[in-house]
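K.L.:
Quick one: the structure is below, and I'll ask about it shortly.
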Amino acid sequence: LVCSTSVCVAARTASAKWGQTLDGSIILHILLKRGKSLCNDETAEVVDQTLHFVMMCSDDSYELHVPLAHAVDATRTSVRRERAYAVVTLMKMEKHQWWSNPAKHPEKFKKLLERDFALGDPQPDPDDDVPPPPPVQVGVDAAGNPLTAEEMQAIEDADADMQATLEKAQAELRRPDAKVTKQTIAKLKKLRKERPQEAPVALMLGYLHLKKGDDKSAVPTLRAALELAPDSLGAHQSLAQLLAKRFDATSISEATELYRQGSRLMPTDAETYYQLGRMLNMRQAAGGAEVPIGGKSDEACVAWRTAVRLKPDMSEAHSMIALRLAKAPGKKAREVARQHAARAVKIAPDWPMSYAALGHTIASLHSDMGKLKSPQRDKAIFAFRSALAGAPDGTRLTADREAEARHVLGYLLATKPTASKADGAEALQLFRSASEIEPHNSKHLEAVSRMEEGIEQFKEREKEVARGEQRQRVQAAIEHEKELQATEDAEWEADEQDDGFVDIR
């Protein structure tokens, strides 16, 4: 809207386009170009609630003097250049007071000013036929489209609300004793609909679903978060953790790849390599493919070795290496397994899995557990009893690990050379409890059946089984054991001596 010469007092007058914004500013655009050149030395000040603008064009002075409708802060008056315009900014004393628009016609503008002064009207009347000033563009959005002050303020307010919601959600996520509230979930869901491209919102919602135990909602939310933030290690780990619970081949395979991608994103994160080893171990077990245990082709063991190199005091990784190498045919590998298990116990003496690993590695030192020497047998029995007792904080072995520990402990007790009736009764109870935990596992039920015949009969039957297994091992050894063992021993021995970083990516 133009303020013309009728309300401007000067020898030569300047025209201005006026605008006002919701942040309380009044903005004037004054053309600097006169003829073929631009004016200069422009100044603007407010004295006695009258705006005085002056600029020099060649030898002529162009001035604009306008009485203001309402009070402004004279100390915040400013002037700047934008291309061929001088931009004058005034700040209202009353931010939300709306000024009637300066009219295109001087006489109408005068009347509007007089009305405002007389009535103190903070809003333009509905019957004003003067159109509002065009919005002043003060910024751009992500696509480069211009934004008005009102639009910018709305975006800033929305960003502030989103940040406040994320901070509240983060507090609920970090505190172990904090519950995930329905209100926080509802706010994040609302934000997801309003701002579907905001990765932090999707990630936080997925994490809260995970903490709440709502796996069904967490999986698709974390998948969406990964699409928005493919470099998020937390999203990779959390989604993989959820998929690993399903235990089906497809989910385990996907979880494996997610942890593998996570190791590329953060190659120094020991936890990622530990979990990768778990998934690879499960995938190898499900696939049934023969892999030289402990060698470089044993990806699970390589991942755990990498984890302990990155974090030497990671008892979980030491325990898994121990359990893995305990199955190796080579005696050297099984001795290394015992060393890793002992290290795990030293690091985490209250963690049941450390003792379970130690028990298995000691029991595996002889190919026939029934022939273990008394000192070794006693150490293995102590380790399994400690594992089954659980930790002071209530932590126990997982169901499959506990069933296996009970079965092996029962076997060690039943096959003692000096086994008593009490040992036999305890062994029978251990086999029964193992079968209750894993009713689908026939070896537990078979052990129960043999023990019910009597401890001496159990020993004789186990000796027969052991002799049969020994014959099978000898036959297998003729075919491939020497070559396989030599390869395995060389590979794990080289790995143990190599202090360098093993990158399995």
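The values are calculated or read from the model by the stated rules, or taken from the named source; none is laboratory data. Computed from a predicted structure; not experimentally measured. Every residue, glycine among them, receives a Cβ derived from its backbone with ideal geometry; neighbour counts consider all protein chains shown. Note: areas computed on protein heavy atoms with side chains; ligands, DNA, RNA excluded. Shrake-Rupley method; radii C 1.70, N 1.55, O 1.52, S 1.80 Å.
K.L.:
Give the residue that is modelled with the lowest pLDDT, with candidates limited to residues of the stretch 124-175 that are among the β-branched types (Val, Ile, Thr) and outside any helix (DSSP H, G or I).
P.N.:
Just the residues of the stretch 124-175 that are among the β-branched types (Val, Ile, Thr), to begin with: 130, 136, 138, 140, 148, 155, 165.
Among the residues that remain, those that are also outside any helix (DSSP H, G or I) are: 130, 136, 138, 140, 148.
Numbers: 130: 42, 136: 52, 138: 52, 140: 56, 148: 68.
Looking at the filtered set, the residue picked out is 130.
K.L.:
When you scan the stretch 33-46, do you find a residue that is part of a strand (DSSP E or B), closer than 17 Å to residue 18 by Cβ and under 52 Å from the mean Cα position of the chain (by Cα), even just one?
P.N.:
no
K.L.:
May I ask you to list the residues in the stretch 176-197 that are in a helix (DSSP H, G or I) and either closer than 17 Å to residue 225 by Cβ or basic (Lys, Arg) (or both)?
P.N.:
Of everything in the stretch 176-197, those that are in a helix (DSSP H, G or I) and either closer than 17 Å to residue 225 by Cβ or basic (Lys, Arg) (or both) turn out to be 182, 184, 185, 187, 188, 189, 190, 191, 192, 193, 194.
K.L.:
Hey, could you check the stretch 388-423 for residues that are farther than 16 Å from residue 447 by Cβ and in a helix (DSSP H, G or I) and say which is farthest from the chain's Cα centre (by Cα)?
P.N.:
The residue in question is 421.
K.L.:
Here are 5, 50, 43: which of them is open to solvent by 60 Å² or more (accessible area, probe 1.4 Å), at pLDDT 75 or above and not aliphatic (A, V, I, L, M)?
P.N.:
Going through 5, 50, 43 in turn, the sole match is 43.
Residues checked against (1) open to solvent by 20 Å² or more (accessible area, probe 1.4 Å); (2) touching a residue at least 12 places away in the same chain (Cβ under 8 Å); (3) touching a Leu at 6+ places or on another chain (Cβ under 9 Å):
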| residue | (1), (2), (3) |
| --- | --- |
| 188 | no, yes, yes |
| 199 | no, yes, yes |
| 214 | yes, no, yes |
| 257 | yes, no, no |
| 274 | yes, yes, no |
| 279 | no, yes, yes |
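K.L.:
For the stretch 32-63, which residues satisfy the criterion of being among the acidic types (Asp, Glu) and closer than 25 Å to residue 91 by Cα?
P.N.:
Within the stretch 32-63, 41, 42, 45, 48, 63 meet the criteria.
K.L.:
What tally of residues in the stretch 411-437 results from selecting those that are closer than 12 Å to residue 451 by Cα, in contact (Cβ under 8 Å) with a residue 40 or more places away in the chain and not aliphatic (A, V, I, L, M)?
P.N.:
2
K.L.:
Regarding residue 240, is this residue hydrophobic (A, V, I, L, M, F, W, C) and surrounded by fewer than 17 Cβ atoms within 10 Å (Cβ to Cβ)?
P.N.:
Taking the combined requirement at face value, the residue does not satisfy it.
K.L.:
Would you check which residues across the stretch 219-237 are open to solvent by 30 Å² or more (accessible area, probe 1.4 Å), assigned to a helix (DSSP H, G or I) and in contact (Cβ under 8 Å) with a residue 24 or more places away in the chain and list them?
P.N.:
Of everything in the stretch 219-237, those that are open to solvent by 30 Å² or more (accessible area, probe 1.4 Å), assigned to a helix (DSSP H, G or I) and in contact (Cβ under 8 Å) with a residue 24 or more places away in the chain turn out to be 228, 233, 237.
K.L.:
OK, next. Could we say that residue 365 is under 23 Å from residue 321 (Cβ atoms), more than 35 Å from the chain's Cα centre (by Cα) and not in a helix (DSSP H, G or I) here? Spell out the reasoning first.
P.N.:
Values: under 23 Å from residue 321 (Cβ atoms): yes; more than 35 Å from the chain's Cα centre (by Cα): yes; not in a helix (DSSP H, G or I): yes.
Taking the combined requirement at face value, the residue satisfies it.
K.L.:
Residue by residue through the stretch 345-375, note down the ones that are polar (S, T, N, Q), within 18 Å of residue 330 (Cα to Cα) and crowded, with 17+ Cβ neighbours inside 10 Å.
P.N.:
361, 364
K.L.:
If you check 338, 343, which single one turns out to be touching a Ser or Thr at 6+ places or on another chain (Cβ under 6 Å), in a helix (DSSP H, G or I) and more than 30 Å from residue 439 (Cβ to Cβ)? Let's see the steps before the verdict.
P.N.:
Numbers: 343 fails: touching a Ser or Thr at 6+ places or on another chain (Cβ under 6 Å).
338 is the lone residue from the list that is touching a Ser or Thr at 6+ places or on another chain (Cβ under 6 Å), in a helix (DSSP H, G or I) and more than 30 Å from residue 439 (Cβ to Cβ).
K.L.:
Separate question: Please specify each residue of the stretch 306-335 satisfying the condition of being open to solvent by less than 10 Å² (accessible area, probe 1.4 Å), farther than 21 Å from residue 275 by Cα and either outside any helix (DSSP H, G or I) or not small (Gly, Ala, Ser) (or both).
P.N.:
328, 330, listed by residue number.
K.L.:
Right, here's the next one. Return only the number of the condition from (1) out of contact with any Pro (no Cβ under 7 Å at 6 or more places or on another chain); (2) free of Cβ contacts under 8 Å to residues at least 60 places away in the same chain; (3) outside any helix (DSSP H, G or I); (4) over 26 Å from residue 247 (Cβ atoms) that residue 350 does not satisfy.
P.N.:
(1)
K.L.:
Only one of (1) in contact (Cβ under 8 Å) with a residue 60 or more places away in the chain; (2) surrounded by fewer than 21 Cβ atoms within 10 Å (Cβ to Cβ) fails for residue 303. Which number is that?
P.N.:
(2)
K.L.:
Being open to solvent by 50 Å² or more (accessible area, probe 1.4 Å) and acidic (Asp, Glu) is the filter here; which residues of the stretch 64-89 pass it?
P.N.:
82
K.L.:
List the number of the failed condition for residue 295; all other conditions in (1) in a loop (DSSP other than H, G, I, E, B); (2) open to solvent by 40 Å² or more (accessible area, probe 1.4 Å) hold.
P.N.:
Unmet for residue 295, out of (1) in a loop (DSSP other than H, G, I, E, B); (2) open to solvent by 40 Å² or more (accessible area, probe 1.4 Å): (2).
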